[in-house]
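Note sheet for the following structure.
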Amino acid sequence: MGQADNSCLIQINGGYVVVDSVGDAIDSNGNVEVTGGVLLVSGPTSDGDGAFDYDGSATISGGTVLMVGSTGMAQSFTGGTQAFAMASASAEAGQSVCVVDGSGNVVTSFTATKRFGMVLTSSPAFAEGGEYTLVIGGEVANANADSYTDSDAVSGGSETAITASCTASAGVGGAGGMDAGGANGAGGIGGAGGPAAGGGK
């Protein structure tokens, strides 16, 4: 992991951004801040690249994020005032990815354009410690052309339980890759400084 350049900042504070990436998708030599808007990311598929790649910190205080990508260099948020969740989940290109709350309502969704092994998500609807369901391959009602919606419902698909938090989970570090078990938290899915499949960042 290189030394962060604090003069470098990617800030997303509004709009509707869709990224289909072959290499690193959201890539900063310094920090990342998400304060608003909608950010949907597919890719990369290479374990030498990541959907999220930063050398400093990555915080979220607003907006909706749904990223899918490879696992080897996977990173999440380091913290923020809005809860987020990261999970090990895999599917092929063309399948829908949805996050559903305890009442069965879709919080966010879209269709992946590439195969993936991890999901990172955050939403204003998330509560600290809240439990949600990640649904892969379901049919989303009333979504747009990207299969994005922040309301309505999904039917079918495979389910994975996730827990949202505003802070990094213990044992999950920004420099790690994704280990086989997977876990929710900031940084890579895998312990900071510990061994991880695909290598650390």
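Only the coordinates and a few stated rules stand behind these numbers; no lab work does. Everything quoted here is computed from the prediction, not taken from an experiment. Reconstructed Cβ throughout: ideal geometry from the backbone, glycine too, with neighbour counts over all protein chains shown.
All other residues with a Cβ under 13 Å from the Cβ of Tyr16 taken together, and with Lys, Arg as +1 and Asp, Glu as -1, what is their net charge?
That works out to -2.
Over the Cα atoms of segment 26-108, what radius of gyration and what Dmax do you get, in Å?
13.1, 40
Test of understanding: ordering Ser90, Ser7, Ser96 by Cβ neighbours within 10 Å, fewest first, what list do you get?
Ser7, Ser90, Ser96
Suppose each label sits 7 Å from its Cα in the direction of the beta carbon; what would the Ser90-Val18 distance come out to in nanometres?
2.7 nm
Once amide H atoms are placed 1.01 Å from N in the peptide plane, what residues at a sequence separation of 5 or more from Ala58, or on another chain, have their amide H within under 5 Å of its amide H?
HN-HN under 5 Å from Ala58: Val32, Thr78, Gly79.
Amide H to amide H, which residues 5 or more places from Ser28 or on other chains are under 5 Å from it, using H placed in the peptide plane?
Asp53, Tyr54, Asp55
With a cut-off of 8 Å between alpha carbons and a minimum separation of six or more residues, what is the relative contact order of segment 1-114 in percent?
22 percent
Within 10 Å of each residue's Cβ, count the other Cβ atoms and sort Phe77, Phe110 from fewest upward.
Phe110, Phe77
For Gln3 and Asn142, FRET efficiency with R0 = 45 Å and r from the beta-carbon atoms, rounded to 0.05?
The computed FRET efficiency comes out at 0.45.
Report the local net charge at Ala143: Lys and Arg +1, Asp and Glu -1, summed over other residues whose C-beta lies under 11 Å from its C-beta.
-4
In whole Hz, with x marking every Gly and Pro, tabulate ³J(HN,Hα) for segment 146-163 from phi via Karplus 6.51 cos²θ - 1.76 cosθ + 1.60, θ = phi - 60°.
Listing the rounded values in order: 8, 6, 8, 7, 10, 7, 6, 9, 10, 10, x, x, 9, 10, 9, 7, 9, 10 Hz.
Kindly write out, for segment 117-123 in residue order, the coupling ³J(HN,Hα) from the Karplus curve 6.51 cos²θ - 1.76 cosθ + 1.60 (θ = phi - 60°), rounded to whole Hz, with x marking Gly and Pro.
x, 9, 9, 10, 8, 8, 7
Residues with beta-carbon under 13 Å from that of Ser103, excluding Ser103: net charge, scoring Lys, Arg +1 and Asp, Glu -1?
Computed value for this residue: -3.
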